[in-house]
1. What does the convex hull of the alpha-carbon atoms of segment 71-198 project to on average, in nm²?
2. Give me Rg/Rg_expected for segment 161-206, where Rg uses Cα atoms only and Rg_expected = 2.2 N^0.38 Å with N residues.
3. Against the globular-protein guess of 2.2 N^0.38 Å, express the Cα radius of gyration of segment 310-450 as a ratio, rounded to two decimals.
4. Radius of gyration and Dmax for segment 255-326's Cα atoms, expressed in Å?
5. Among 290-296, 365-371, 66-72, how do they line up from the highest to the lowest mean number of other beta-carbon atoms within 10 Å?
6. Cα-Cα pairs above 22 Å in segment 123-197: how many percent?
7. Rounded to the nearest whole Å², what accessible area per residue is found for segment 371-450 with the 1.4 Å probe?
8. For segment 381-438, report the translational diffusion coefficient in µm²/s to the nearest whole number, using Stokes-Einstein at 37 °C, 0.692 mPa s, and a Kirkwood Rh over Cα pairs.
Amino acid sequence: MSETIRFPKGFLWGAATSAYQIEGSPLADGAGPSIWHRFVHEPGRIANGDTGDVACDHYRRYADDVVLMRELGIGAYRFSVSWSRVLPSGRGSVNPGGLAFYDRLVDRLLDQGIAPSVTLYHWDLPAVLDDAGGWLNRDIARWFADYASVVVKALGDRVPMWVTLNEPGVVSDAGYLHGVHAPGHRSIAETPQASHNLLRAHGAAMQAIRAEGGLQAGLVVNLEPKYPASDHPADLAATRRADAYMNRQFLDPVLLGRYPEELPQIFGQAWPTFPQDDFTLIRQPLDFLGVNYYTRNVTCDDPAALPVRAGRVRQEGKLHTTLDWEVYPAGLTAVLTWIRDRYGNVPLYVTENGAAFDDTDPDDVDLVNDPLRVAYLRDHLLAAHDAICLGVDLRGYFVWSLFDNFEWSAGFAKTFGLYRVNVATQRRTPKASARFYAEVIGSLGGVLGR
Ligand code: FCB
């Protein structure tokens, strides 16, 4: 039996990107280097030696790219501002050339009827601030708030939706614990300090956005439901630790004003004593929470995986993306309802959801066939709709990503786009998933057959 699903009126349909992943021209018009610019030029850091030097050349092609967005029919575009374009030294004097790019982009979006959704930090810290300690320096809360003020002052009259940080958990975990993202540190002791300063910076930026009259403001986190691999007590305990580390480490302080009790156990000697006042700063009221959802995790005890001591049990026989992430749509319903149950009915957006699959069609086709991505998007939209039916206040959904782009340490080989981008020719080619998404958006604001 086929059933027709209808999303609520006013549901926001969007697509997402981030500055370093698509812009290229990282040092243009007076911009300073970011930690990602520095990191990708260190040998061996990125698959295939790829860099974001050119990427999708969006810095120069933004005007045409916005036309593609209009053709797709999206109502909102989530992008990030590069801190070191706006403030090449991280603080102090503003670089008008850098700010002007975002000013033009915002105007172009509005001109095409698309609402800008701006993320202030999607991982590209000004390199000079890293030299001053980066996320390990408590002063970064003030640096970030000052930067937020500059951007909101310039664009706040035209931007309805602000995000402070994208996925702070990935910044500390990949950047300070595992060393696979910039700045490439591997330190159990630094990890909770970086996380805590990210939280303080989020709080300080929320205050700055409000002070400048910014409209809606919130935080974006990445969540993964954790399921125990067995009912063995060691696996159950590992599942609780993994859940605390990934899903509650940031949301508990922001929404409840405290850390989950598992964290001091996880970090042991490395867990600092934080000043109580910090939690007042961190716990700023949010207008919304953004959730990035890709996969779930089936968790086992793994004493070698320090400090959390939790491992992943791969679900053999199940479909996985090329990043080896299990396709598990029901996990999206699970995380959305979990937020409501634990933290109350905060307005939510799915700020990222999508899949890396290899698109094998030759380069000269006019439409790239990507049936696995179409199925992924359809099934996750249905899962998002299930959450709405269960009473979750879900207001919108952004596909990751508009374009095939620079997928961090994996380089360009892992493709998530609704549009293929050939980095050599800069040709953009729509995929069947772009057509599918346009049809969903175009059908009276979101109708889908189950
Ligand atoms: C998220 C990031 C985004 C992209 C997707 C695949 O963690 O926010 O930049 O890399 O994963």
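The values are calculated or read from the model by the stated rules, or taken from the named source; none is laboratory data. Because the structure is predicted, anything quoted here is derived from the model rather than measured. Note that we place each Cβ from the backbone using ideal geometry, even for glycine, and neighbour counts take in every protein chain shown. Note: areas computed on protein heavy atoms with side chains; ligands, DNA, RNA excluded. Shrake-Rupley method; radii C 1.70, N 1.55, O 1.52, S 1.80 Å.
1. Values: hull surface 32.5 nm².
Convex hull of Cα atoms, orientation-averaged projection: 8.1 nm².
2. Working: Rg = 10.9 Å, N = 46, 2.2 N^0.38 = 9.4 Å.
Normalised Rg, Cα atoms only: 1.15.
3. Values: Rg = 16.2 Å, N = 141, 2.2 N^0.38 = 14.4 Å.
The reported ratio for this selection is 1.12.
4. 17.1, 49
5. Details: 290-296: 23.4, 365-371: 15.3, 66-72: 17.6.
Listed from highest to lowest mean packing, they are 290-296, 66-72, 365-371.
6. Values: 726 of 2775 pairs.
Tail fraction, whole percent: 26.
7. Values: 2580 Å² over 80 residues.
Accessible area per residue: 32 Å².
8. On the way: Rh = 13.2 Å.
Diffusion coefficient, whole number: 249 µm²/s.
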